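Trainee: What follows is a single structure, and I will ask about it in a moment.
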Amino acid sequence: MKKLFFILSLCLYGYWGQGQLLRSKESKITFFSEALLENITATTTKAKAVVDLEHKELAVKINMTSFEFPNKLMQEHFNENYLESDKYPQATFRGSLTKVLDWAKPFQTTASVTGVLTIHGVSKMEIIEGKIINDPSRNMAIFECSFPVKVKDFNIHVPNLVFTKIAEVVTIKVYIKLEPVTTSTKEGDPKTKKASFISKILS
């Protein structure tokens with residue numbers, strides 16, 4: 001029995017190791033605005049993410065209309081007046097891990113991700129510090145981070161009359177649980193498949 005468990009573990013770690021793709025199984029993205037008159041929180045659980053372990057690349061996509069607010073009026077103002085979600089329906093992030101990690105082993109560590117954050121049609125380079133928990137025995141990895149976003153950096157116009165309700169800087173909190181993706185290598189170059197898989201999530 002111990003020998004069988006050892007063999008299965010080796011197979012699992014090899015499957016989870018370099019060259020593997022991960023995709024989001026669960027996600028929770030929250031933004032919080034703390035202002036003088038009113039605090040505003042909105043959450044979505046529909047973000048999509050993919051990570052290429054071999055090339056240390058990752059991509060995240062969020063449909064702006066998926067954010068849920070405490071009331072419908074806030075949600076309407078967010079989508080129609082501020083984010084113009086009909087014109088800019090998605091927020092995306094594409095970047096790379098700056099830290100070398102051994103994904104075949106369990107770990108919990110902090111790491112930086114450098115990449116391009118696009119909101120409201122504006123793209124900006126960001127360095128985001130977060131936490132990564134890797135558990136190969138459970139086919140699971142978790143990414144968590146929190147970072148500030150300046151509203152004006154993304155050309156989001158807030159009328160002077162409501163500036164007391166919406167902060168100039170909002171806090172974004174990210175939680176993403178990932179699982180392995182099975183990729184076929186029977187046709188074409190597997191590197192091309194990975195590239196198209198990451199590009200697809202941003203399309």
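The values are calculated or read from the model by the stated rules, or taken from the named source; none is laboratory data. Being a predicted model, the structure only gives us computed values, none of them experimental. Every residue, glycine as well, gets a Cβ built from its backbone with ideal geometry; the counts of neighbours run over all protein chains shown.
Trainee: Within the range 37-70, how many residues turn out to be assigned to a strand (DSSP E or B) and either in contact with a Lys or Arg (Cβ under 7 Å, 6 or more places away or on another chain) or of a type in the set (A, V, I, L, M, F, W, C) (or both)?
Mentor: Residues that pass the stated criteria total 14.
Trainee: Provide a single number: the residues in the range 113-122 that are surrounded by 15 or more Cβ atoms within 10 Å (Cβ to Cβ) and polar (S, T, N, Q).
Mentor: Adding up the residues that qualify gives 1.
Trainee: Which one of these is modelled with pLDDT of 95 or more, within 17 Å of residue 30 (Cα to Cα) and not aromatic (Phe, Trp, Tyr): 83, 117?
Mentor: 117
Trainee: Can residue 156 be described as surrounded by 14 or more Cβ atoms within 10 Å (Cβ to Cβ), among the aliphatic types (A, V, I, L, M) and assigned to a strand (DSSP E or B)? Outline the logic, then answer.
Mentor: Working: surrounded by 14 or more Cβ atoms within 10 Å (Cβ to Cβ): yes; among the aliphatic types (A, V, I, L, M): yes; assigned to a strand (DSSP E or B): no.
Answer is no for this residue.
Trainee: If you don't mind, there's one more thing I want to ask. Being among the basic types (Lys, Arg), closer than 22 Å to residue 50 by Cβ and either in contact with a Ser or Thr (Cβ under 8 Å, 6 or more places away or on another chain) or in contact (Cβ under 8 Å) with a residue 12 or more places away in the chain (or both) is the filter here; which residues of the range 121-162 pass it?
Mentor: 124, 131
Trainee: In addition: Of all residues being over 13 Å from the mean Cα position of the chain (by Cα), free of Cβ contacts under 8 Å to residues at least 24 places away in the same chain and farther than 19 Å from residue 169 by Cα in the range 35-92, which is surrounded by the fewest Cβ atoms within 10 Å (Cβ to Cβ)? Just the residue, please.
Mentor: 71
Trainee: Regarding residue 107, is this residue aromatic (Phe, Trp, Tyr) and buried (at least 18 other Cβ atoms within 10 Å of the Cβ)? So that I can check it myself, show each step before the final result.
Mentor: Working: aromatic (Phe, Trp, Tyr): yes; buried (at least 18 other Cβ atoms within 10 Å of the Cβ): no.
For residue 107, the condition - aromatic (Phe, Trp, Tyr) and buried (at least 18 other Cβ atoms within 10 Å of the Cβ) - is not met.
Trainee: If residue 165 meets every condition in (1) basic (Lys, Arg); (2) surrounded by 14 or more Cβ atoms within 10 Å (Cβ to Cβ); (3) more than 21 Å from residue 55 (Cα to Cα); (4) at pLDDT 95 or above apart from one, which number is that one?
Mentor: (4)
Trainee: Those residues that are within 15 Å of residue 58 (Cβ to Cβ), among the aliphatic types (A, V, I, L, M) and part of a strand (DSSP E or B), I need them from the range 71-120; list them, please.
Mentor: Matches in the range 71-120: 91, 97, 111, 113, 116, 117.
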